[in-house]
Structure formats: structure tokens, C-alpha cells
Amino acid sequence: MYEQYQLPYSVNALEPYIDGLTVETHHGKHHAAYTANLNRFAAEAGVDGQPIEELLANLGQIEDPALRTAVKNNGGGFYNHNLYFMTLSPEAKHEPTGELADKIVEKFGSFEAMKDELAKKAAGQFGSGWAWLSADKDGDLRISATSNQDNPLMEGEGFRPIVALDVWEHAYYLKYKNLRADYIKAFFEVLDWKKVEELYKAG
Ligand code: MN
């Protein structure tokens, strides 16, 4: 049984950056539906005992193409939103420190340069998708974007996401309408680098 991440903050706790109705719908409807559908399709495919990271990195094990697509879309939706909601906080730490901060400077030149590149990826993603900051087992970092509910785990290159920036319209349209760039700016106001550091270290 895959369990949806439960919010440790109230649905309006991220205001004014992300509004309560958006969080309520996003977590309570979209994310909940991905979770329920993943449990149904994974059971049907006989893969429901696998840790989600392992399952998403090995989708080729599901022979039926329609079932494989269903597990990919809903498994991605489940995992991506768990990461999204667990890295947001009304008491966000706005910059990383320690090992992750050092690696970001080494790789991108500065924290601001890394944020700019991630924001650019997110703004440039055509249609629905995500922008990512990912790490590999050696602690190397990478910025990328994917369509739909795909994520770096599915690419099989050893990178796992530590920042998940959802740019589906359901993540921002109620408040920001077509102004995706404004939502991206707001996202960084509630992105908790303390949690991101924990994910980086746990790698
Ligand atoms: Mn979403």
C-alpha cells in the first residue's frame, strides 16, 4: 500500500505564496487520486510490494503497455507530489547551508545562479511537467525538466530528485492564472532548504 504524504501544515499555511484552495485541491484531489490509482494499478500489475523509487526505476518489468503507462503516470504523480508537499513549509529555510550549499556553489557558481537556472527550466517546460534539482550517489547535482508526471528516477541515470517544482496548471492557475513565472518566484518563498538538505544527505 502506497501512502500519501499527509500535510503537517494547514492548507492555507503557505499563503500568500500558494493559496489554500489550490493546496486543498492539489493535495486533497489530484494527489489523492494519483495515490488511489497507483494502488489499484500496481496491484493489478503485481508490483505493489516494491518501494516506489525502485518501481519507478524499473517500469520495464510491467509487460502490458497500457498497465505500464498507468503505473508510470500515477506512480509518478504519487511520488512527485509526496516530494513537492514535504519540501514546502510555512517556516521555510530560504537558503541551504553546509555540504549542499558548498556543492551548489561548486556546480553552479552561486545559490542565485542555481535558482535562476531552475526557474528558467520550470518556465520553459512546455505544457504540464516538472523542473528538478537532483543528486546522484556521489552528491553530484543536476537541473532538468520532464513532461507529465515523469521524473529523474525513470531516466535510469542514477539521479534522484531533491527539489520538485510542479508546473502543471493545477499547481498555480487558481491564483496566478497564466503567470507561471510569478508562481515560480512564490514557490521559492516556501521551499524549505532544511528539508532539501536532509534529502541530499540521505542519498
Ligand atoms: Mn501537481
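The values are calculated or read from the model by the stated rules, or taken from the named source; none is laboratory data. Computed from a predicted structure; not experimentally measured. Cβ sites come from the backbone with ideal geometry, for glycine too, and all protein chains shown count toward neighbours. Accessible surface is based on the protein model in full, side chains and every heavy atom, while ligands, DNA and RNA are left aside. Shrake-Rupley method; radii C 1.70, N 1.55, O 1.52, S 1.80 Å.
Given the residues 59, 38, which is the only one that is in contact with a Phe, Trp or Tyr (Cβ under 8 Å, 6 or more places away or on another chain) and surrounded by 14 or more Cβ atoms within 10 Å (Cβ to Cβ)?
Checking each option against the conditions leaves just 38.
Here the range 3-35 is the region considered, the condition is being under 15 Å from residue 70 (Cα atoms) and of a type in the set (Ser, Thr, Tyr), and the residue that is most open to solvent (accessible area, probe 1.4 Å) is 34. Would you point out the residue of the range 88-102, among those that are in a helix (DSSP H, G or I) and among the charged types (D, E, K, R), that is nearest to the ligand (Cβ to nearest atom)? For the range 88-102, the residue satisfying everything is 99.
A single member of 78, 85 is of a type in the set (Phe, Trp, Tyr), within 12 Å of the ligand (Cβ to nearest atom) and touching a His at 6+ places or on another chain (Cβ under 7 Å), and it is 85.
Is the range 106-129 home to any residue that is touching a Pro at 6+ places or on another chain (Cβ under 9 Å), open to solvent by 10 Å² or more (accessible area, probe 1.4 Å), in contact (Cβ under 8 Å) with a residue 12 or more places away in the chain and among the aliphatic types (A, V, I, L, M)? No, there is no match, as no residue in the range 106-129 is touching a Pro at 6+ places or on another chain (Cβ under 9 Å), open to solvent by 10 Å² or more (accessible area, probe 1.4 Å), in contact (Cβ under 8 Å) with a residue 12 or more places away in the chain and among the aliphatic types (A, V, I, L, M). Checked against (1) open to solvent by less than 50 Å² (accessible area, probe 1.4 Å); (2) within 26 Å of residue 8 (Cα to Cα); (3) under 16 Å from the mean Cα position of the chain (by Cα), residue 168 meets all criteria but (1).
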